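The values are calculated or read from the model by the stated rules, or taken from the named source; none is laboratory data. This is a predicted model, so every value here is computed, not measured. Here the Cβ positions follow ideal geometry from the backbone for every residue, glycine too, while neighbour counts run over all protein chains shown.
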Amino acid sequence: MEELDVVLFDNSLAMQRLVRGMLGYMNIGRVRAFGDINLAIMAMRDSPADLFITDWEQKPVDSFKILRALRHKLNEPICYTSVIVLTAFTSVHYVRRAMAAGAHQFLAKPISQQTLSDRILWAVNDDRQFELVNDIWAIEGVGALDFDQNSRSQIIHAGKNARRKKPIASKIKPVVEKQKQPQPPADAESHDFDTWEI
């Protein structure tokens, strides 16, 4: 995993230290941790990451709104970044909401080194396409679950528009072998988090 670039956003310094320590143990090439979402987004704009990890409970903006904003069509290429959501809330409602907001993986706390490693491998090699739903890139077959009924008829299959990154499975030396598949992104301009349409 030496070539992976991970951005971690968490309001809790203790959680940042814990996750950062696990990522370091996995030999992740680059880990950037932030307690401010605007700084995290600016960092990803300047240098796109392979993976974005966030806790579900964040302040002042919750992760549902953060992920919906991150997936906005004007935020290419970061709108295609793989996302893992960490949470203490494990009910089906929270899982569906996180997936609908654009998470590739949902990881319940307390987290373990092995489980985090498995989720990272799965997320960064996820080959599902993205669908454009009301200006938000949603993960095919999952992202539209919690959108309103009217928006379902407006789904546009990404096809050629959802260009894929070069497969990063070749960069990864997994702790445990898992599914190895490619992942999407592209190039374009983005706009400030404060102006994102959520």
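Here are the numbers for this structure:
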{"read-out": "Selection count, the range 82-105, where residues are in a helix (DSSP H, G or I) and within 13 Å of the chain's Cα centre (by Cα)", "value": "4"}
{"read-out": "Residue satisfying all of: in the range 128-171; acidic (D, E), surrounded by 14 or more Cβ atoms within 10 Å (Cβ to Cβ) and in a loop (DSSP other than H, G, I, E, B); modelled with the highest pLDDT among these", "value": "E140"}
{"read-out": "Qualifying residue in the range 106-117 (condition: under 13 Å from the mean Cα position of the chain (by Cα) and over 12 Å from S82 (Cα atoms))", "value": "yes"}
{"read-out": "Scan of the range 51-81 for residues that are assigned to a helix (DSSP H, G or I), among the aliphatic types (A, V, I, L, M) and either over 12 Å from the mean Cα position of the chain (by Cα) or within 20 Å of D126 (Cβ to Cβ) (or both), ordered by number", "value": "I66, L67, L70, L74, I78"}
{"read-out": "Residue tally, condition in contact (Cβ under 8 Å) with a residue 60 or more places away in the chain, surrounded by fewer than 18 Cβ atoms within 10 Å (Cβ to Cβ) and in a loop (DSSP other than H, G, I, E, B), over the range 1-28", "value": "3"}
{"read-out": "All positions within the range 106-127 that are assigned to a helix (DSSP H, G or I), surrounded by fewer than 17 Cβ atoms within 10 Å (Cβ to Cβ) and in contact (Cβ under 8 Å) with a residue 40 or more places away in the chain", "value": "Q113, Q114"}
{"read-out": "Qualifying residue in the range 76-90 (condition: under 20 Å from M22 (Cβ atoms) and surrounded by fewer than 17 Cβ atoms within 10 Å (Cβ to Cβ))", "value": "yes"}
